[in-house]
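The values are calculated or read from the model by the stated rules, or taken from the named source; none is laboratory data. Computed from a predicted model, the values in this text were never measured in an experiment. Cβ: placed from backbone, ideal geometry, glycine included. Neighbour counts: every protein chain shown.
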Amino acid sequence: MLPLPLLLIIIALGLALVWFSRFQKSGKTLITFGWLVLLLLSLQPVADGLLRPIENRYPTWQGNQKVDYIVVLGGGYTWDPDWAPSSNLINNSLPRLNEGIRLWLANPGSKMIFTGAAAKTNPVSTAEAGARIAESLGVPRSSIITLDSPKDTEEEAAAVKQAIGDVPFLLVTSASHLPRAMIFFEKQDGHQRAAQPMGTGDPLSDVVDA
């Protein structure tokens, strides 16, 4: 479970104990603990420190190996055609896309692959939203592949393997998500090498060898 939902559950449990039980001290302890941890995680130096080991494990790609594909994993999004295209990506999704475009520009002739199924309340898939925004930023549609059936990271890894086979590619996702993503992609592709962050807490990408 991600830290934020877990901390909210802890705080909610503490409130329930305070309001509906005689365990006032335990409830106050849970509320205080949850609030303090939430506060610490919201501080940039703390977040940077927690993510730095991940970034040290996956150093920034410096163009030492050219690739034919850049895979950008799906993230939070919505879709309203009346908005500026990039406004439809939320949380770390826009930095992921920006990093993907940077890598695409650094690898002439490569293709961008966007992954992710449609959310229940959205008319387009995560993959299609990313593709449309990339296109609005200058990436031609002929250089974009969408994989809009995967519903989670494991399915994304399988779909990428099916789409491009045993071809090395750059995997782009958020720093905190990359270790989990690499577990599934390594199962599909065997091994990996050289990775890159754009800075603490920002998207990371890894060169994956099939």
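Exactly one of (1) more than 17 Å from Tyr69 (Cα to Cα); (2) modelled with pLDDT under 85; (3) more than 16 Å from the chain's Cα centre (by Cα) is unmet by Leu178. Its number?
(3)
Which one of the conditions (1) modelled with pLDDT under 95; (2) closer than 27 Å to Glu186 by Cβ; (3) of a type outside the set (Asp, Glu); (4) touching a helix residue (DSSP H, G or I) at 6+ places or on another chain (Cβ under 6 Å) does Ala159 fail to meet, given that it meets all the rest?
Of (1) modelled with pLDDT under 95; (2) closer than 27 Å to Glu186 by Cβ; (3) of a type outside the set (Asp, Glu); (4) touching a helix residue (DSSP H, G or I) at 6+ places or on another chain (Cβ under 6 Å), only one is false for Ala159: (4).
Can you name the condition, by its number, that Leu15 falls short on among (1) modelled with pLDDT of 90 or more; (2) under 25 Å from the mean Cα position of the chain (by Cα); (3) of a type in the set (A, V, I, L, M)?
(2)
So, in the range 58-104, exactly how many residues are in contact (Cβ under 8 Å) with a residue 60 or more places away in the chain, of a type in the set (Asp, Glu) and out of contact with any Pro (no Cβ under 6 Å at 6 or more places or on another chain)?
Number satisfying all stated conditions: 1.
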